[in-house]
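*Asks:* I'd like to ask some things about the structure below.
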Amino acid sequence: MESRRVYRFGDFLLRPAARDLQHAGADVSLPSRAFDCLVYLVEHRDRAVGRDELAAAIWGRADISDAQLSQTVRHARRAIGDDGNDQALVRTIQKFGYRWVADTRACEEVARAGAVSVHARAEPPERADIAQAPTAVATAANPTKRRLVPWLAAALAVCVIAGIWITRSTPPASQPTNKTVFVLPVDVGQAGGQDWIRLGAMDLVAKRMREAGAPVPTSESTLALLGAEHPSDAAQLRDRMDAEWVIDSDAQRTADGWRVRMRAQGAHGRSFTAENHAADPLDAFRASADSLLEQLGYAPPTPPPGGNSLAEIEQRAQAALLENDIDGARRILLEAADGARNEPELRYQLALVDYRAGNFAEVERSLRSLLADESTSGNPLLQARAHYRLGAVDMMSDAAAAAESEFDQALSLLDSRRDALDYGQALSGRSSARITLGHYDEGLRDLGQARIRLEQAGDALALARLDLTFGGVELLRGRPGQAVPALQKALAELERLGAVNERLHGYSLLVESQMLLLDYTAATASNEAAIALLPRISEKLHRAETLIDHVNLLLTRGDWKAAVDALAELDALDMPANTRASGLRDAAHAELAWQRADAQTAFARADAAVTALPANESARSAAMLLLRQRAAQRLGKPAPALPDADRNGPMATAPPAASSLAIARAEAKLHEHDATAAEALYRQALAQAESSAIPQALLIVADSYVSFLLSAGRNEEAGGLAGRLAPIAVQDFSFALLETRLHQAEGEVQAWTVALNRAEGLAGQRPIPSQLRTPPLPSRKLQVTMP
């Protein structure tokens, strides 16, 4: 006879030892970690459980991302009919964790010879109140305002939803639980020239359900998932998209119209069907969608204005956009009758086409005209989307302050719950603008709120994009070690979803993080993964980002020939002048010229880079200021003045930008023969680099400071500084030269030989200074002989 603890709440029975969950006698299937999460919360229901504690209980370690833990809690909630809105069983304790709040009875289950009996066991009554959870204040060990990670601004260009329906209806007073609905493309069979229905009607149904209050991913997210790998059944689709319902449909043309069959397949064999016939296919799809909505517990929205002729134009154009046929979408919209073409909805959609094509000046002109038109005054959702797009254009133009204002206006026009998807996107946009402007806390707050809204909207791809942004924020905070696992996780999810542009940006972030950690091997692998995506990318600036990373990695290996070829490909992109990408390209040209001892070209290119790079590129700008100064000194001409130390903002305080700038000031003082002032600046730079815990920042300082110390005969101090980098800079050529010089000065022949051989292995096509090849004189050490 064996007695085991079990728990009852509502119609559920939880058996931890048997790893079994039942609802009204039927088995409930849920992932293993979601089961562990459920058990731990139930067994510790007398108190709130912190996120780290819960993660440690489930995974055996606490270093689990918030996104991963939140997803596990979401699976557990769904298994027991709870969600993040109602929180009737699992309550979220803001800034702390979770608490089990359902009425629960603990029982003893006794098994005898195959029979099982359950006996209630008396327990102290549950506390009615919830103790206030402690507030966890997250502070970075060294919060920095380094350059804005390029993806945070650029991702705004790709993380947009080409929504078409502009009308919205008030959701029913009582909504069902927030279960994601996944709408598949339509099987049109022999459509008789109506192939647009496959994606156009899919998008129509998805938006109609979204208007009714159902959390439905965007059509872009759906196609991204299906493009990665088309699962063979609804159960696989639900798992991949974390959906509760999968809706498929087919349309057949009849003698007098269209017949549409639609089916919703849920977990545990649940299924609903709808079939309707109408003269117009859109009417048939709406009727079938509305029938399913009612069966799922939603009140169908009111019919859209404008009639089917306008709706068909919209959906035809949307189908073309979903097929990435930008010219086709433009042609459909421009060929509409004058009356329809002037409708605000079609004008907005034409602006979306221009946005997708990168015609940002035309986008701004069109949307400004649309917002000034009185016909949009009664349509706040359309106005909000127009402001959102304008904010995205501003971000692409490095106009973050203007973008923040546009996103503010969009948010003021939206209802945070009724328009969860649009609201989450606008919050994400404003977050990027605020972080660019240095309003770090406000930006993080927007990101957190955006995640909540996008979870409510049920869009897995939007959440994956947001997770990538969170990884970018870790990088922005000067925490590349934390950024790497966060970015790798987000990239894995984006790969599962089939997202291409986002992965390209994500790999660029990952390359930067790994280079800051001096892990060039990992950075090269990340860049190679990005390069493999380039055949699927046509937008110049997106391609440029990956190519610039490639050139910089080639330069770390001294592969000049490959770097020249890659720069030629980069130059052939014919990017606009004075953009971030052109500034980074000039910086790469400057670095190559400097390695090849072409000080004149290095100076000119570095000067052009400093002029072109935006303020949020503080790290690269500071590196170019240092290189420009070195090139000027080698050319024997005065170096341009450095920025005012008190007025150059993040560049003065954020590593590695601060390290480059401080070293530039120190070397300027050395050039003026003021060693005392130079050393004070060196010490300041070293303290700052050490506090940052960023290896690249420490390397920038050591590369110059060790040479200064050796020149002053302070070999022991130089060795102490170089020794701090030895374990982490084994892949860096400049550090190998530094060690070679140090061992030469110390007279350590064997160590000098090892260091020189390592430098030769890392040199590529870079020459090793001839003086470093001169064997050192053996050091005179005290000889001790045994008597």
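The values are calculated or read from the model by the stated rules, or taken from the named source; none is laboratory data. Worth saying up front: this structure is predicted, and the values here are computed from it rather than measured. We place every Cβ from the backbone using ideal geometry, glycine too, and count neighbours over all the protein chains shown. In case anyone asks, the SASA skips ligands and DNA or RNA and just uses the protein heavy atoms, side chains included. Shrake-Rupley method; radii C 1.70, N 1.55, O 1.52, S 1.80 Å.
*Asks:* For Pro776, which of the numbered conditions (1) open to solvent by 30 Å² or more (accessible area, probe 1.4 Å); (2) over 30 Å from Thr521 (Cβ atoms); (3) touching a residue at least 24 places away in the same chain (Cβ under 8 Å); (4) part of a loop (DSSP other than H, G, I, E, B) fails to hold?
*Replies:* (1)
*Asks:* What about Ala678, is it assigned to a helix (DSSP H, G or I), surrounded by 15 or more Cβ atoms within 10 Å (Cβ to Cβ) and either modelled with pLDDT of 95 or more or in contact with a Lys or Arg (Cβ under 9 Å, 6 or more places away or on another chain) (or both)?
*Replies:* yes
*Asks:* Something else about it: Please state which of the following conditions Val500 fails to meet, knowing it meets all the rest: (1) open to solvent by less than 30 Å² (accessible area, probe 1.4 Å); (2) without any contact (Cβ under 8 Å) to a residue 12 or more places away in the chain.
*Replies:* The number of the failed condition is (2).
*Asks:* Going by the conditions given, is Asp586 under 19 Å from Leu475 (Cβ atoms), in a helix (DSSP H, G or I) and open to solvent by less than 30 Å² (accessible area, probe 1.4 Å)?
*Replies:* For Asp586, the condition - under 19 Å from Leu475 (Cβ atoms), in a helix (DSSP H, G or I) and open to solvent by less than 30 Å² (accessible area, probe 1.4 Å) - is not met.
*Asks:* Exactly one of these conditions fails for Thr653: (1) open to solvent by 50 Å² or more (accessible area, probe 1.4 Å); (2) at pLDDT below 85; (3) at positive phi; (4) not charged (D, E, K, R). Give me its number.
*Replies:* Exception for Thr653: condition (3).
*Asks:* State all residues of segment 375-408 that are outside any helix (DSSP H, G or I) and among the aliphatic types (A, V, I, L, M); if no residue qualifies, say none.
*Replies:* The answer is Ala399, and nothing else.
*Asks:* In addition: Looking at segment 309-341, which of the residues that are among the aliphatic types (A, V, I, L, M) and open to solvent by 20 Å² or more (accessible area, probe 1.4 Å) is nearest to Ala224 (Cα to Cα)?
*Replies:* Leu322
*Asks:* Next up: Given the criteria more than 11 Å from the chain's Cα centre (by Cα), at pLDDT 90 or above and buried (at least 24 other Cβ atoms within 10 Å of the Cβ), does Pro485 qualify?
*Replies:* So Pro485 fails the test.
*Asks:* Go through segment 1-79 and tell me which helices (runs of 4 or more DSSP H), entirely inside it, have 2 or more residues that are modelled with pLDDT under 85 and among the aliphatic types (A, V, I, L, M).
*Replies:* The qualifying helices (runs of 4 or more DSSP H) are 51-59, 66-79.
*Asks:* Quick check on segment 692-710. Is at least one of its residues within 25 Å of Gly481 (Cα to Cα), touching a residue at least 60 places away in the same chain (Cβ under 8 Å) and open to solvent by 70 Å² or more (accessible area, probe 1.4 Å)?
*Replies:* Checked against the condition, which is being within 25 Å of Gly481 (Cα to Cα), touching a residue at least 60 places away in the same chain (Cβ under 8 Å) and open to solvent by 70 Å² or more (accessible area, probe 1.4 Å), segment 692-710 yields at least one hit.
*Asks:* Report, ordered by the first and then the second residue, all pairs with beta carbons closer than 6 Å, sequence separation of six or more or different chains, a first member in segment 436-453 that is on the phi < 0 side of the Ramachandran plot, and a second member that is outside any helix (DSSP H, G or I).
*Replies:* Thr436/Leu148; Thr436/Asn616
*Asks:* From the set of residues in segment 534-566 that are part of a loop (DSSP other than H, G, I, E, B) and either charged (D, E, K, R) or modelled with pLDDT under 90 (or both), which is most open to solvent (accessible area, probe 1.4 Å)?
*Replies:* Among those that are part of a loop (DSSP other than H, G, I, E, B) and either charged (D, E, K, R) or modelled with pLDDT under 90 (or both), it is Ser538.
*Asks:* Can you tell me which residue among Ser309, Ser288 is of a type outside the set (Asp, Glu), at pLDDT 90 or above and in a helix (DSSP H, G or I)?
*Replies:* Step by step, each of Ser309, Ser288 is checked, and only Ser288 is of a type outside the set (Asp, Glu), at pLDDT 90 or above and in a helix (DSSP H, G or I).
*Asks:* Identify all residues within segment 293-306 that are under 17 Å from Pro281 (Cβ atoms) and either assigned to a helix (DSSP H, G or I) or in contact with a strand residue (DSSP E or B) (Cβ under 8 Å, 6 or more places away or on another chain) (or both); write none if there are none.
*Replies:* Answer for segment 293-306, where residues must be under 17 Å from Pro281 (Cβ atoms) and either assigned to a helix (DSSP H, G or I) or in contact with a strand residue (DSSP E or B) (Cβ under 8 Å, 6 or more places away or on another chain) (or both): there is none.
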